[in-house]
Amino acid sequence: MPNRPHHSPLSTELLQHLVRLLRLRSVRPARLGALAMTLAVFTAVGPSVYSAPLAPSLPAGNYVALGDSYASGVGAPPYAKGTDVQVENGNKCKRATAAYAHQVADRTGKTLDFGACSGAWTKHFYEARTPWKEPAQLDHLDASTGLVTFSIGGNDAGFAKILSECVTQPPFSNCSSDKELTDPVDSTIDALAGKGKQAGVYSYDTIMTDIATRAPGATVVAVGYPRMFTSTGGTGGPVPGRCQGLAKVDQRWINARTNELNIALKAAALRHGHQFTDPSDSFAGHELCGEGASWFQGLLNSGRFHPNADGHKAMATSVMNTLNDQQAAQEQPAAAQAQVDNMRPTGSFTLTRDGDQITLDASASTDTDGTITNVDWYIQHADGTEEILTGAQATTTVPADQQVSITAVITDNQGKEDFTTQVAPAS
């Protein structure tokens, strides 16, 4: 996810050290050699064919691309001169020549004004980043603008911090159960959706209104964030049993909150007569640890957890498909707004331990505006394996002398999820 301003990202050297420590706890030397060989010979293979929709009929004027690192192209170098200056107060917007904005400009024949910048929060649509000599992003817009795309909100929600914390959690624990991390994400998503206020966070409604005011004749496409992990979770990368350092339950939590962010962005776009594109379908099979070559940068790569060049091709195609899809343009906002208004369910469960036997019951979970439709259990064993069970009630066997962490994922009838965790001490 995008980099949070003022948050020092984990260095590659530190991540490599953490990986070595984690490996020593759970992988035999012979397997380490095999893993190293596998990583050394692996080559990502990009998609062989991309659809190239014809340029739609658009208002005259230039094309302005705004947003954060997912829009600027972090993870898809090289970067434009003057936007990757590695000195104090140097411009680090990292505007990639392979970013989807350049491809959309080529396909529409429009002149690109590229204002997206790594680390941008919603406030940077309104505030200049003076040390980098970057104006407020909305200042790129005027009456001559014919097309606008933007991706924003991930940094406000704190996804960069969450991803770092998930990777650096003690072995075989998870971060989705840490309310100090997850509660601020939930409250920020609510603020972006207009369901509350938070200092420094501008709602999507406010942003949409101001875009329309500054560029009244432009076609506007809000670009969602692609789903990073498969729906069932995967394993792969340098940490055995995890996907690029993340447990399956944390992969699911990140997917769930990415989806909520996209729903909020979509509902606001449709309310204001704009368009929305969700690139997740374009990334199907190419998530981290998915079936095919990943279109995201991995844990130890520069631009980690961001789309690579192939990912930006997919995002460009998603934008073009939306511009050419008249049904999408006519989509009613009511359904999207209903998803925003839907409250998250409240998960609750009892845990009973009798020696090796653990009994779980989530029947007490509630949903104030709907029904509970599914319960999944993620059981973190001491050896690093992750057991997954389904059903409101479940049982599992864990050696009596081992502590175990168990997370219940409660899903309601509109797909929103709550995560609740308990630790069963050794008996």
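The numbers here are math on the coordinates, done by the rules we state, and not lab data. For clarity, every value in this text was computed on a predicted model and none was experimentally measured. Positions of Cβ are backbone-derived with ideal geometry, glycine not excepted, and every protein chain shown enters the neighbour counts.
Per-residue HN-Hα couplings for the stretch 184-197, Karplus 6.51 cos²θ - 1.76 cosθ + 1.60 at θ = phi - 60°, whole Hz, x for Gly and Pro?
Residue by residue, the stretch 184-197 yields x, 5, 4, 5, 5, 4, 4, 5, 4, 7, x, 9, x, 10 Hz.
Cα-based Rg of the stretch 261-368 per 2.2 N^0.38 Å, rounded to two decimals?
The stretch 261-368 yields a ratio of 1.54.
Between MET343 and THR371, what is 0.36 nm times their sequence separation minus the Cα-Cα distance? Round to one decimal in nm.
9.0 nm
For SER231 and ASP383 in the same chain, what is the full-extension length gain: residue separation times 0.36 nm, less their Cα-Cα distance, in nm?
52.3 nm
In Å and from the alpha-carbon atoms only, list the Rg and Dmax of the stretch 126-274.
For the stretch 126-274, the Cα-based Rg and Dmax read 17.7, 54 Å.
Would you kindly calculate the mean projected area, averaged across all directions, of the convex hull enclosing the Cα atoms of the stretch 350-424, in square nanometres?
Hull-based average projected area comes out at 4.7 nm².
What FRET efficiency, computed as 1/(1 + (r/R0)^6) with R0 = 41 Å and r the Cβ-Cβ distance, is obtained for SER144 and LYS195, rounded to the nearest 0.05?
Once the sixth-power term is evaluated, E becomes 0.70.
What is the diffusion coefficient of the stretch 203-287 in µm²/s, taking the Kirkwood radius over Cα pairs and the Stokes-Einstein relation at 25 °C with a viscosity of 0.890 mPa s?
Rounded, D is 170 µm²/s.
With only alpha-carbon pairs counted, each pair once and no self-pairs, how large is the Kirkwood hydrodynamic radius of the stretch 353-397 in angstroms?
12.0 Å
For the stretch 294-424, report the translational diffusion coefficient in µm²/s to the nearest whole number, using Stokes-Einstein at 37 °C, 0.692 mPa s, and a Kirkwood Rh over Cα pairs.
181 µm²/s
For the stretch 396-402, what does the Karplus curve 6.51 cos²θ - 1.76 cosθ + 1.60, with θ = phi - 60°, yield as ³J(HN,Hα) per residue in whole Hz, taken in order and with x for Gly and Pro?
With the stated coefficients, the stretch 396-402 comes to 8, 10, 9, x, 4, 8, 10 Hz.
My understanding is that a pair violates if its Cα-Cα distance is over 20 Å; which of LYS123/LYS195; LYS123/LYS179; LYS179/LYS248 do that in this structure?
LYS123/LYS179
Would you please give the residues with an amide H less than 5 Å from that of GLY67, counting only those at least 5 places away or on a separate chain, with H modeled from the backbone geometry?
ALA116, CYS117, SER151
What is the pair-distance distribution P(r) of the stretch 89-156, computed from all Cα-Cα distances in 5 Å bins starting at 0, with each bin given as a whole percent?
With a bin width of 5 Å, the distribution comes to 3, 15, 26, 25, 19, 10, 2.
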